[in-house]
1. Please go through the range 16-42 and pick out each residue that is open to solvent by 40 Å² or more (accessible area, probe 1.4 Å), farther than 25 Å from Asn70 by Cβ and either outside any strand (DSSP E or B) or β-branched (Val, Ile, Thr) (or both).
2. Would you check which residues across the range 43-81 are among the hydrophobic types (A, V, I, L, M, F, W, C), surrounded by fewer than 15 Cβ atoms within 10 Å (Cβ to Cβ) and at negative phi and list them?
3. Would you mention how many residues in the range 54-77 are part of a strand (DSSP E or B) and under 20 Å from Phe17 (Cα atoms)?
4. Across the range 37-93, what is the number of residues that are modelled with pLDDT of 95 or more and among the acidic types (Asp, Glu)?
5. Quick check on Lys71: is it free of Cβ contacts under 8 Å to residues at least 40 places away in the same chain, farther than 15 Å from Arg92 by Cα and basic (Lys, Arg)?
6. Looking at (1) assigned to a helix (DSSP H, G or I); (2) more than 17 Å from Ser93 (Cα to Cα); (3) polar (S, T, N, Q), which is the one condition that is false for Ser45?
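The values are calculated or read from the model by the stated rules, or taken from the named source; none is laboratory data. Note that the structure is predicted; figures quoted are calculated from it, not measured. Here the Cβ is made from the backbone with ideal geometry for all residues, glycine too, and neighbour counts use every protein chain on show. Just the protein is used for accessible areas: all its heavy atoms, side chains included, with ligands, DNA and RNA removed. Shrake-Rupley method; radii C 1.70, N 1.55, O 1.52, S 1.80 Å.
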Amino acid sequence: MINPKKIAEMMLEKKAFDIRIFDVKKITTFTDYFIICSSSSEPQSKAIMNNINRTLKKKGIKAINIEGQNKFEWILMDYISFIVHIFNPEKRS
């Protein structure tokens, strides 16, 4: 499994903000981590998503599902052991 801090670094590369990593192993069985960030625009959300997706694919890690690509207000990327959430500020609040 990839270190969740590496995902946070990928987010920072595209200027994401308010990044949080939650260890949820003791709370749920469907994933180990939620990695959450905010972006200030649709293009920025898309850039964050693409950076994570592209970088992980190069390492042989593929998302089993990506949702929210139609509006880029809330993107969910499911990698089984961790789930990435990319929010615009309105959706996150």
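1. Ile21, Lys25, Lys26, Ile27, Thr29, Asp32
2. Scanning the range 43-81 gives a single hit, Ile64.
3. 4
4. Residues flagged as modelled with pLDDT of 95 or more and among the acidic types (Asp, Glu) within the range 37-93 amount to 2.
5. no
6. For Ser45, the failing item is (2).
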